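What follows is a set of notes on a single structure, which appears directly below.
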Amino acid sequence: MGEKRKQNNQVRKNTLRAKLKKIFSKYHLSKKHSEICADYLIKAELVEAKSHGLTRLKMYCDRIKKKVINPKPKIKIKKISKSISLIDANDSIGFVAADLAIKQSIENAKKTGIGLVAVKNSGHYGLSGYYAEQAVKKNLITMIYTNAPPAVAPHGALKSLFGTNPICFGCPTGTKIPFILDTSISMINRGKIRVAARNNHKIPEGVALDKFGKITTDAKKALKGVQLPIAGFRGSGLAWMVDILSGVLTGGNHAGRVKDPFDDFSGPQNIGHLFITFKTDLFVKNYNTRIKDNIKTIKRLPKIKGIKEIVYPGQNKYNRFKMNSKKEIKISDIIKKDLEILQN
Ligand SMILES: NC(=O)c1ccc[n+]([C@@H]2O[C@H](COP(=O)([O-])OP(=O)(O)OC[C@H]3O[C@@H](n4cnc5c(N)ncnc54)[C@H](O)[C@@H]3O)[C@@H](O)[C@H]2O)c1
């Protein structure tokens with residue numbers, strides 16, 4: 001069994017968790033912060049968000065080594081009111097800042113009905129949905145924004161400036177499967193292009209232009225060119241909104257000044273995030289009945305050919321997580337090598 005596992009590059013969750021904790025500790029993160037990072041990376045693998053999982057581990061370690069991620073941050077939480085807090089993450093790894101922020105946002109919302117938490121001086125935090133789930137589990141609605149390094153050209157511009165700036169909305173559904181809409185504003189997320197470039201795979205047509213403004217399916221050329229936003233000027237507008245909410249408003253970098261975590265080691269990223277969390281019973285007392293009715297009505301609609309079920313955002317990820325949690329985690333040869341090198 002051990003030999004078979006080795007051949008297939010499969011690893012048990014607990015073994016992987018221990019390896020990751022060891023790596024982050026070696027890179028001077030505290031035990032608690034190492035656990036936060038390890039748990040996040042495992043979850044990303046289990047929901048099959050490969051582009052936001054272990055494929056980025058080496059990058060985080062490189063950034064710590066080059067002193068552009070602070071492994072021992074002195075994070076400050078400024079209480080602005082009972083509902084509102086500002087976190088200065090002191091260049092921490094993004095997972096740690098975001099984990100603290102969603103917990104603070106939940107705490108504020110539980111006390112006052114709404115929690116609004118801004119974060120500055122943070123880094124790439126991965127999947128917004130990971131943090132949204134924490135709020136939804138506490139029966140809260142949440143909206144989460146983060147900016148990211150330039151990848152997408154604003155509508156009408158010849159140069160990338162917006163990040164793939166994900167927009168995330170989560171709410172309880174009255175069932176154990178949360179509604180989590182967690183989408184980047186680009187046709188494809190940048191991580192997927194990086195994974196394709198790393199594995200010499202092509203990317204779909206119509207998602208990116210090369211540096212000369214020509215449509216390309218070559219992932220490496222796409223990384224040097226620009227990504228296209230969803231829905232033309234509408235997607236561009238949404239990306240701009242996210243840059244304002246998570247960058248301009250929080251004190252984080254904005255207007256294309258977030259550094260690329262893979263290529264630019266000239267300083268910390270100073271990414272900004274915004275977490276909004278609120279109770280479901282602020283305006284109606286029967287939210288659960290109403291949300292169940294809403295989802296049921298939509299799911300009962302006549303379906304187009306080939307569609308068995310109308311799924312709501314988050315359902316697919318939940319199902320993948322449930323299915324993968326029972327199995328060992330598959331890792332590529334590149335990741336296997338990264339894990340070996342980083343541990344020693
Ligand atoms: N931190 C960062 O800088 C950053 C930047 C970009 C993206 N991300 C993360 O990358 C992740 C992936 O983003 P993405 O845009 O590739 O996501 P995606 O295109 O895979 O999914 C977008 C949303 O659509 C939903 N969905 C998918 N198929 C569906 C279907 N058939 N019916 C109904 N809903 C469906 C998903 O549940 C999800 O909520 C997100 O978690 C995002 O937060 C992070």
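Backbone geometry of segment 115-120 corresponds, through the Karplus equation with coefficients 6.51, -1.76 and 1.60 at θ = phi - 60°, to 3J(HN,Hα) couplings of x, 10, 10, 9, 10, 10 Hz, x marking Gly and Pro. Relative to the 2.2 N^0.38 Å rule of thumb, the chain has a C-alpha radius of gyration ratio of 0.99.
Taking amide H positions as modeled 1.01 Å from N, with prolines and chain starts lacking one, the residues under 5 Å from I84 and 5 or more places away or on another chain are L116.
Among the protein heavy atoms, those of D62 account for about 40 Å² of accessible surface (1.4 Å probe, every chain in place).
Give the ranking of R12, R194, R56, R320 by solvent-accessible surface, highest area first, calculated with a 1.4 Å probe. Walk me through the numbers before you get to the answer.
Details: R12 125, R194 40, R56 15, R320 70 Å².
Output order, biggest surface exposure first: R12, R320, R194, R56.
Restriction of the chymotrypsin sites (Phe, Trp or Tyr not before Pro) in segment 177-253 to DSSP coil positions whose beta-carbon has at most 13 other beta-carbons within 10 angstrom yields F212.
Within the chain, which is the longest segment containing none of the GluC sites (Glu not before Pro) that sit in a DSSP loop and have at most 15 other Cβ atoms within 10 Å? Before the final figure, lay out the partial values.
Working: sites that count: E48, E205, E309, E328.
The longest such stretch corresponds to 49-204.
Mind listing which chymotrypsin sites (Phe, Trp or Tyr not before Pro) in segment 75-161 are in a DSSP loop and have 13 or fewer other Cβ atoms within 10 Å? Please report the intermediate quantities before stating the final value.
Values: sites: F95, Y125, Y130, Y131, Y145; in loops: Y125.
Within segment 75-161, no chymotrypsin sites (Phe, Trp or Tyr not before Pro) qualify (loop, at most 13 other Cβ atoms within 10 Å).
Counting only DSSP beta bridges whose two residues both lie in the chain, roughly 85 percent are antiparallel.
How would segment 257-344 be classified by its alpha-carbon gyration tensor: rounded, prolate or oblate, with rounded meaning a/c under 1.5 and the a/b versus b/c comparison settling the rest? Taking the square roots of the gyration eigenvalues as a ≥ b ≥ c, segment 257-344 is oblate.
Using the heavy atoms of the protein chains alone and a 1.4 angstrom probe, what is the accessible area of segment 164-265 per residue in square angstrom?
Working: 5040 Å² over 102 residues.
Accessible area per residue: 49 Å².
Full extension of the chain segment joining K299 with K78 gains 75.2 nm, where the gain is 0.36 nm per residue of separation less the Cα-Cα distance. Where both bridge residues fall in segment 54-183, DSSP classifies roughly 75% of the beta bridges as antiparallel.
Taking amide H atoms as placed 1.01 Å from N in the peptide plane, the amide H of F179 lies under 5 Å from those of C171, T173, each 5 or more residues away in sequence or on another chain.
Counting only aspartates and glutamates at least 8 places from K224 when in the same chain, those with an alpha carbon closer than 19 Å to its own are E205, D210, D260, D263, D264.
Accessible surface comparison of R290, R300, probe 1.4 Å, protein chains only, largest first: the order is R300, R290.
For a straight C-alpha distance cut-off of 22 angstrom, the lysines reachable from K303 (same-chain residues fewer than eight places away being disregarded) are K292, K317. Within the assembled protein chains, the solvent-accessible surface assigned to K66 is about 120 Å², based on a 1.4 Å probe. The simple Förster model, with R0 at 25 Å and r as the Cβ-Cβ distance, assigns R198 and E328 a FRET efficiency of 0.65. Each Lys and Arg Cβ is given +1 and each Asp and Glu Cβ -1; about its Cα centre, the chain then shows a dipole of about 1000 debye.
Would you mind telling me the share, in percent, of accessible area of the chain contributed by carbon and sulfur at probe 1.4 angstrom? Write out the running numbers ahead of the final one.
Working: 10080 of 17590 Å².
Carbon-and-sulfur percentage of accessible area, whole number: 57.
Kirkwood radius and radius of gyration were both taken over the C-alpha atoms of segment 9-113, and their ratio Rg/Rh is 1.03. Counting only protein chain heavy atoms and rolling a 1.4 Å probe, the accessible areas of L245, L181 rank, largest first, as L181, L245. Just the accessible area for V195, please: 1.4 Å probe, Å², rounded to the nearest 10? About 40 Å², rounded to the nearest 10.
Which percentage, to the nearest 5, of the DSSP beta bridges contained in segment 1-124 is antiparallel? Working shown, then result.
Values: 4 of 9 bridges.
That works out to approximately 45 percent antiparallel.
The values are calculated or read from the model by the stated rules, or taken from the named source; none is laboratory data. Values in this document were obtained by computation on a predicted structure and should not be read as measured data. Using ideal geometry, Cβ is built from the backbone for each residue, glycine included, and neighbour counts are taken over all protein chains shown. The area values use the complete protein model at the heavy-atom level, side chains included, leaving out ligands, DNA and RNA. Shrake-Rupley method; radii C 1.70, N 1.55, O 1.52, S 1.80 Å.
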